[in-house]
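The values are calculated or read from the model by the stated rules, or taken from the named source; none is laboratory data. Only a predicted model underlies this, so the values are computations on that prediction, with no experimental measurement involved. We place every Cβ from the backbone using ideal geometry, glycine too, and count neighbours over all the protein chains shown. Calculation scope for accessible area: heavy atoms of the full protein, side chains included, ligands and nucleic acids excluded. Shrake-Rupley method; radii C 1.70, N 1.55, O 1.52, S 1.80 Å.
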Amino acid sequence: KVALIVGLFLAAPVILWQVWAFVAPGLLRHERKYAAPFVIVGSVLFIGGGVFSLKVVTPFAIQFLLSYSRPGLQPMISIGNYIDFLLKFTLAFGAVFELPLAITLLSRMGLVTPRALAKNRKYAILGAFVAAAILTPTPDAFNQTLMAGPIILLYEVGIVCARIFGRRALKLHTVEAASEKPA
């Protein structure tokens, strides 16, 4: 299991490149220039999510779980359960940290706008807590908040990226629409 997850982390750039190679033939030449940034940013975000999980969230989660120790009640974590716990958290955070990239890509394709994303922020916050409840292996609110907080922050980063990188796509679409109108 550990080898599989480590292999997934190490193969993330290759996996992202393969996804891009699948999509690229259907794109125009000027759209293909985004392959390298897509792979690099996606890989950095995925690995950053894993590192954030291992360095920030997991120590708090383990400390919380071990806090149930009472006289006559000794926490006994097996190595298998501990590794499974670490792997689930690490993968979940790696996937969640891809949110700004996904929002930016959706904005570039014209499927979402920064204004619509900002308008629906309250639903995104609710969705972040629901996703955190599903993705965290512990039922406590503290660990769910530790995951929902970064999701909300990443959503905000995604809105900013959509404003920065989605704007040119909107202008290009407007120019194309203006050139297609009959004179």
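Structural remarks
- Degrees separating the helix 35-52 axis from the principal Cα axis of the chain, which is the longest one: 20
- For Val112, the amide hydrogen comes within under 5 Å of the amide hydrogens of Ser107, counting only partners 5 or more places away or on other chains and with H modelled in the peptide plane.
- Convex hull volume of the range 76-124 per residue (C-alpha atoms, cubic angstrom): 85
- Residue-wise HN-Hα coupling along the range 8-16, computed from phi with Karplus coefficients 6.51, -1.76, 1.60 (Hz; x: Gly, Pro): 5, 5, 5, 8, 3, x, 5, 4, 4
- Phi-based couplings in Hz for the range 61-71 (Karplus 6.51, -1.76, 1.60; Gly and Pro marked x): 5, 5, 4, 5, 5, 6, 5, 6, 5, 9, x
- Across the chain, the longest piece that holds none of the trypsin sites (Lys or Arg not before Pro) lying in DSSP loops with up to 16 other C-beta atoms within 10 Å covers 34-183.
- Most mobile of Gln74, Gln18, Gln63 in a GNM of the chain (Cα contacts under 10 Å): Gln74
- Each listed q (0.11 Å⁻¹) maps to a log10 I(q)/I(0) for the chain, found by the Debye formula over equal Cα scatterers with no solvent: -0.60.
- Pair Leu28, Val2: separation of 7 Å Cα→Cβ label points (nm): 5.1
- From helices alone, the chain scores -25500 deg cm²/dmol at 222 nm; the rule is -39500 (n - 2.57) for each run of n ≥ 4 DSSP H residues, then divide by the residue total.
- Tail weight of P(r) past 15 Å, computed on alpha-carbon pairs of the range 60-152, percent: 68
- Accessible area (Å², per residue) of the chain, counting only protein heavy atoms and a probe of 1.4 Å: 64
- Relative contact order, percent, the chain [alpha-carbon distance under 8 Å, six or more residues apart]: 23
- Computed on the range 1-106, the Cα convex hull volume stands at 97 Å³ per residue.
- Applying the criteria of a DSSP loop state and at most 14 other Cβ atoms within 10 Å to the chymotrypsin sites (Phe, Trp or Tyr not before Pro) of the range 40-122 yields Tyr68.
- Across the accessible surface of the range 20-172, with the other protein chains kept in place and a 1.4 Å probe, carbon and sulfur atoms take up 72 percent.
- Candidates Leu28, Leu99, Leu54: whichever shows maximal mean-square fluctuation once the chain is modelled as a Gaussian network with Cα springs under 10 Å: Leu28
- Most mobile of Pro150, Pro37, Pro100 in a GNM of the chain (Cα contacts under 10 Å): Pro37
- Taking label points 7 Å from Cα along the Cα-to-Cβ direction, Arg70 and Asn120 give a separation of 4.5 nm.
- Karplus-derived 3J(HN,Hα), 6.51/-1.76/1.60, for each residue of the range 129-134, Hz, glycine and proline x: 6, 5, 4, 5, 5, 7
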